[in-house]
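Quick notes on the structure that follows.
The values are calculated or read from the model by the stated rules, or taken from the named source; none is laboratory data. These numbers were taken from a predicted model, which means no experiment stands behind them. Cβ coordinates were reconstructed from backbone atoms using ideal geometry, including for glycine residues, and neighbour counts include every protein chain displayed.
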Amino acid sequence: MKRYWTFLRHRGAVTRRSTLSDKRPTRERAGFLVRLLRDRAANTLIIVAASLIPLTAMAGSAIDIGRMYAVKSRLQQACDAGVLAGRKFMKVDGTNTLDQNAATQAQQFFKNNFQAGWIATTNPVFSPVKTSDQQVSGTASVTVPMSITKIIDAKDATVTVSCMARYDISDTDVIFVLDTTGSMACRPEDTDAQCNAYVQANPAVSYTRPSDSYAMPGYSAQNGFGVPETTAGNGSRIKALRQAVKDFYSTVASSVDANTRVRYGFVSYTSIINAGKAIYDVNPAYLIGNSAGETVNYQTRVVTGEYEISRQTDGQKNNKSQQGCTSSAPAPQRDPARTSANQYPFRPSDGRATLVTQEWDAFQGCSTVTRTLGPVWTYGQYPQDVSQFIKGGTVSDPTYVKATATAWDGCIEERQTQSGTTSFNASAYDLDPSLIPTANAATRWRPAWPAVSWARYNYRSTATQTSNDETFFPYRAAVNLGSDDQRDSGFYSCGKPIRRLKEMSSADIANYVDAADFKPLGGTYHDTGMIWGVRLLAPNGIFAADNTGRTGQPLPKKVIVFLTDGDMAPSQNIYGQYGIEYYDQRVSGGASSPSLKDFHNARFLYECAQASQLKIDVWTVAIGANTTNELTQCASSPAQALYTTTGSGLSALFQKIAKQVAMLRLQQ
């Protein structure tokens, strides 16, 4: 046997190779296996080959698990979208069954967010249901097929998620500022011409005011007036308003839980606001009249003399000469007697005075003459003592000499303002919702007193006027603003008292808007309503105690819902929040340009800006074919200036606002 050895040197290592010319013996084959076992390159190949299967399984698991996470994330988003849509469209009817429209919307939103076959998934299922507390919950599932892990016999997986949507809100305070003027008696769809014709053909009628703990005692002591509401079609605008307010409450109530506080307040506005009791309850000193002898200047009348109504001679001569008659005459006897404080007193029983004198007459001789006297009235701006009037009890009307009772109904005149301007500064106390009254009378409110307010010359002149009793011949008679013919015409339209913030039940809401005195009457003054709406929500004003947050809770969200059925429509002849403009000129300052409407619109927009500064969210709603520029500017955003011409549309808008106030959120 031939054998040879060859040695090769490679990189400092010696490798020995052998070549056998004949069949290897067993011992040599064993040596070869040992050498092979010790060869590291050969071992690596074996290990890699053995590891391929588990490594492939691990990599495949990572890929499939990643797909499952992606599917679950998308499925959760789709589930959330579905229940949000379902809750948004759901009918809150007290049942536990999700209505068809809400279910359809929920399914559609789910499908839009999770398309069938996405990354090879199959059998997507979404099941929305209504919960017992009137929310929407849901479950969603989908099958995720395995890919690489199938080599280890992995089965397809089912991914399941759950979700719930609810309306929920933080503590919120809502003030409804509601137009209750005469045109609210018309149908929502009526044009201005149609509505004017209806109101003219249906004059206001008297009604008995209900007792109201939120009103001054004098309020229910007087009859109220209201334009009869139309029954044509679906009824009046104010009827639709009543339902819309109730629907707003129901929508919000369906979203709150035991830990949420929602409070409501009301401002019913025309040309004047019934805020007297609300002010009085906070502090009577905020009203002029809290101190004895305090007066307010009204367009009124005072007694400045007396006139002879009739005379009577005793008819018996006493045989005195003319000289003896006058020299021996007793002092004239007047009943009632004059005093230093009152030179012209009259008997309250009949409004007359009697003067008895001894006089000489050429035909009668020396006789006793008894004269019946009546008052001479002078009309103009004069002070009247209001210190007893604001207390709420009955007082004698100082503009009548015959006993005539009068009582304060609670409506107020505004405090100091700036007149004849459309831009305002700090001296416009009426437009500062945070100003606290001081001892300065200019910072305090005045009681409106229509019974003592007179429009001299029937608005034909601002000059001083006089009358003998009620005889004005040959001049136009002065008009008393407290008379029934002025009140039923809307020249004085004191309405339902405002309501401060309070947690209210559905019955409380209904009791306000369904009350017998929630009546349409008077003219449209948006500024009066907005001034008091903002004032009720001002955190540092006279109602600051109403605007605090709960312990441990953030300050409440503030919302004004302002509804009107028309454009601003002021009149200089109306007795309203700024007196009688024709005489007092507290708004226009006597200027004819810009118009009185422009002056009031400027006040309205200024107060809307005050609301914005106080972070009050303002929504405006117009019953009409469109909104107005002023209402759009007043709203917190143009999207929050809404309008409608139907009663059902009004309810829909109020529910829309309520849903925005009670924003949708996901619970899980």
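In region 553-606, of all residues being charged (D, E, K, R) and in contact with a Gly (Cβ under 8 Å, 6 or more places away or on another chain), the one that is farthest from LEU653 (Cα to Cα) corresponds to ARG586. Every test in (1) in a strand (DSSP E or B); (2) more than 17 Å from the chain's Cα centre (by Cα); (3) closer than 30 Å to GLU581 by Cα is passed by SER268 save one, and that test is (2). Could you please find all residues in region 632-648 being of a type outside the set (S, T, N, Q) and in contact with a Leu (Cβ under 9 Å, 6 or more places away or on another chain)? CYS634, ALA635, ALA641, LEU642, TYR643, GLY647, listed by residue number. In a residue-by-residue description of region 124-131, the property of being within 18 Å of SER162 (Cα to Cα), of a type in the set (A, V, I, L, M) and crowded, with 16+ Cβ neighbours inside 10 Å applies to at least one position. The lone criterion from (1) touching a helix residue (DSSP H, G or I) at 6+ places or on another chain (Cβ under 6 Å); (2) among the aromatic types (Phe, Trp, Tyr); (3) at pLDDT below 90 left unmet by PHE114 is number (3). Whether any residue in region 313-333 is over 30 Å from ALA442 (Cα atoms), part of a strand (DSSP E or B) and under 60 Å from the mean Cα position of the chain (by Cα) is what I want to check. No, every residue in region 313-333 fails to be over 30 Å from ALA442 (Cα atoms), part of a strand (DSSP E or B) and under 60 Å from the mean Cα position of the chain (by Cα). Of the residues in region 355-372, at least one is surrounded by 14 or more Cβ atoms within 10 Å (Cβ to Cβ) and in contact (Cβ under 8 Å) with a residue 60 or more places away in the chain. Only a single item in (1) under 25 Å from ALA611 (Cα atoms); (2) surrounded by fewer than 20 Cβ atoms within 10 Å (Cβ to Cβ); (3) modelled with pLDDT under 95 is not met by ALA544, and it is number (3). Among the residues making up region 271-311, those that are polar (S, T, N, Q) and either part of a strand (DSSP E or B) or touching a His at 6+ places or on another chain (Cβ under 6 Å) (or both) are THR295, ASN297, GLN299, THR300, THR304, SER310.
Residue-wise test of (1) assigned to a loop (DSSP other than H, G, I, E, B); (2) over 20 Å from ASP212 (Cβ atoms).
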residue	(1), (2)
ALA515	yes, no
PRO520	yes, no
GLY523	yes, yes
ASP527	no, yes
ILE531	no, yes
LEU536	no, no
ILE542	yes, yes
ASP546	no, no
ARG550	yes, yes
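Checked against the criterion of being in the same structural domain as ALA285 (by the TED database) and within 37 Å of the chain's Cα centre (by Cα), region 458-470 has at least one qualifying residue. TYR606 falls short on exactly one of the conditions (1) under 25 Å from ARG535 (Cα atoms); (2) in contact with a strand residue (DSSP E or B) (Cβ under 7 Å, 6 or more places away or on another chain), and that condition is (2). The residue that is surrounded by the most Cβ atoms within 10 Å (Cβ to Cβ), among those in region 473-492 that are in a loop (DSSP other than H, G, I, E, B) and out of contact with any strand residue (DSSP E or B) (no Cβ under 7 Å at 6 or more places or on another chain), is GLY490.
Counting only strands (runs of 3 or more DSSP E) that sit wholly inside region 106-225, those with at least 2 residues that are over 30 Å from GLN243 (Cα atoms), in contact with a Ser or Thr (Cβ under 7 Å, 6 or more places away or on another chain) and in contact (Cβ under 8 Å) with a residue 24 or more places away in the chain are 136-144, 157-167. Note on region 605-624: residues that are of a type outside the set (D, E, K, R), crowded, with 22+ Cβ neighbours inside 10 Å and within 21 Å of ARG586 (Cβ to Cβ) amount to 1.
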